[in-house]
Amino acid sequence: MGGRLVSVSLLVLVVGSVVAGSVLASRTVRAERVDGVDAATTGTVDIERDSVFIRVDVAENGTAQWRIEYRTRLDDPNITAAFEHLQRDIRSNRTAYSRSFFDGIRVTIAAAENATGREMAGTNFGVESEVRRLPRTYGVVVYRFTWHGFAAVTGDRIRVGDALSGFFLDRNERMLVSWPSGYELAEVRPPADARRKDAVVWRGPVDFGPREPRMEMARSTGFARHRLGIALVLVALTTVVGGFWGLYRRRGTTPLQAVRRLASDDGPTDDPDPELLSNEERVVDVLERRGGRAKQQAVVEELGWTEAKTSQVVTRLREDGTIESFRLGRENVLSLADDGD
């Protein structure tokens, strides 16, 4: 509707109720006395609410995070000054600017609890204001709260709608409802105006019918397969690592040899991808392919390393007992340490 007038210093957005008192009617707004101060004595300027954006993020347990934004275009110096005054007042006394609104929310939640028979509660109430460029400049007042028990959860299904039966959106009002990761939208009624990967959006004006808006989300079969795949991979890795560690501890085998011996039990295996090996493993691989012994210069040439880099890697291997080295004339010869077989 976009044109309801609200006193700047006394912005109180009142929640109305329709259809058995369980509906959040965002279009019902009026100015009230707050803490004994009357709007007529403040000398403030009235501002118009140009649009409303409602965001409802539904969690897997049925709890929903609500965020209701009231936006006013700041395209007039008087309106801009009035909104700045409003911001200061909200910061100085947030309770005064949210009491009536959140009292209405509590009444709405209680009515929905009675209508659905599902335990509900409202917590984490808060109000804030900011100036935002969308790209036009808007003054935004944001009310947020947590609605526990908002959605019905049964097995792998999440159902939204029974707490908002008969809800309506006016012109210039939008509502986005999102669902948690790992779920897919199975049903939405009435059809949404926009569809995102994990949310739907309705744009007013729209009058939802009984038990609408209705959404049903089912756990994604792809998500279930993904989790099963991860579990199987972890089991396989545990088995391989366990066998590798057993060989390493029992035989004193080098890491690369242990992997190859595990694989050899099931038949021949391709050489490991050099890009997946550490520097130490690449040196050991060269030695194994050369019968367990090679000149250090041959390692330099095969791996394309500098002599300095090769010397550093060889030193680490020698210090941890993986290889041995000795001089043969002017050449340094490397050999795999005796594995005790």
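At-a-glance table
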read-out	value
Filter result (at pLDDT below 90 and in a strand (DSSP E or B)) within segment 207-227	D207
Subset of segment 25-72 [modelled with pLDDT of 90 or more and basic (K, R)]	R55, R67, R71
Flag if T269 is hydroxyl-bearing (S, T, Y) and at pLDDT below 85	yes
Conditions (1) farther than 29 Å from A218 by Cα; (2) out of contact with any Gly (no Cβ under 7 Å at 6 or more places or on another chain); (3) open to solvent by 30 Å² or more (accessible area, probe 1.4 Å); (4) among the aliphatic types (A, V, I, L, M); number of the one not met by V131	(2)
Filtered residues of segment 75-93 (kept if open to solvent by 30 Å² or more (accessible area, probe 1.4 Å), under 17 Å from V142 (Cβ atoms) and in contact with a helix residue (DSSP H, G or I) (Cβ under 8 Å, 6 or more places away or on another chain))	D89
Counted residues, segment 303-315 - those being of a type in the set (K, R) and modelled with pLDDT under 90	0
Subset of segment 153-164 (residues that are on the phi < 0 side of the Ramachandran plot and open to solvent by 20 Å² or more (accessible area, probe 1.4 Å))	V153, T154, D156, R157, R159, D162
Close pairs from segment 83-98: first over 17 Å from R49 (Cβ atoms), partner modelled with pLDDT of 90 or more, Cβ under 6 Å, at least 6 apart	R94/V127
Count of residues meeting criterion [polar (S, T, N, Q) and surrounded by fewer than 18 Cβ atoms within 10 Å (Cβ to Cβ)] in segment 63-74	1
Single residue of G155, G166 found to be at pLDDT 90 or above, of a type outside the set (S, T, N, Q) and under 28 Å from L185 (Cα atoms)	G155
Filter result for A59 (buried (at least 17 other Cβ atoms within 10 Å of the Cβ), touching a Leu at 6+ places or on another chain (Cβ under 9 Å) and either closer than 27 Å to A163 by Cα or of a type outside the set (D, E) (or both))	no
Residue satisfying all of: in segment 284-316; in contact (Cβ under 8 Å) with a residue 40 or more places away in the chain and open to solvent by less than 20 Å² (accessible area, probe 1.4 Å); nearest to G329 (Cα to Cα) among these	A294
Candidate set: segment 183-201, residues that are closer than 14 Å to D57 by Cα and in a loop (DSSP other than H, G, I, E, B); chosen: the one least open to solvent (accessible area, probe 1.4 Å)	D198
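Okay, residues lined up against (1) closer than 17 Å to T63 by Cβ; (2) among the acidic types (D, E); (3) part of a strand (DSSP E or B):
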residue	(1), (2), (3)
T123	yes, no, yes
G139	no, no, yes
Y143	no, no, yes
A163	yes, no, no
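The values are calculated or read from the model by the stated rules, or taken from the named source; none is laboratory data. In this text, all values refer to a predicted model and were calculated from it rather than measured experimentally. Note that we place each Cβ from the backbone using ideal geometry, even for glycine, and neighbour counts take in every protein chain shown. With ligands, DNA and RNA removed, areas are computed over all heavy atoms of the protein, side chains included. Shrake-Rupley method; radii C 1.70, N 1.55, O 1.52, S 1.80 Å.
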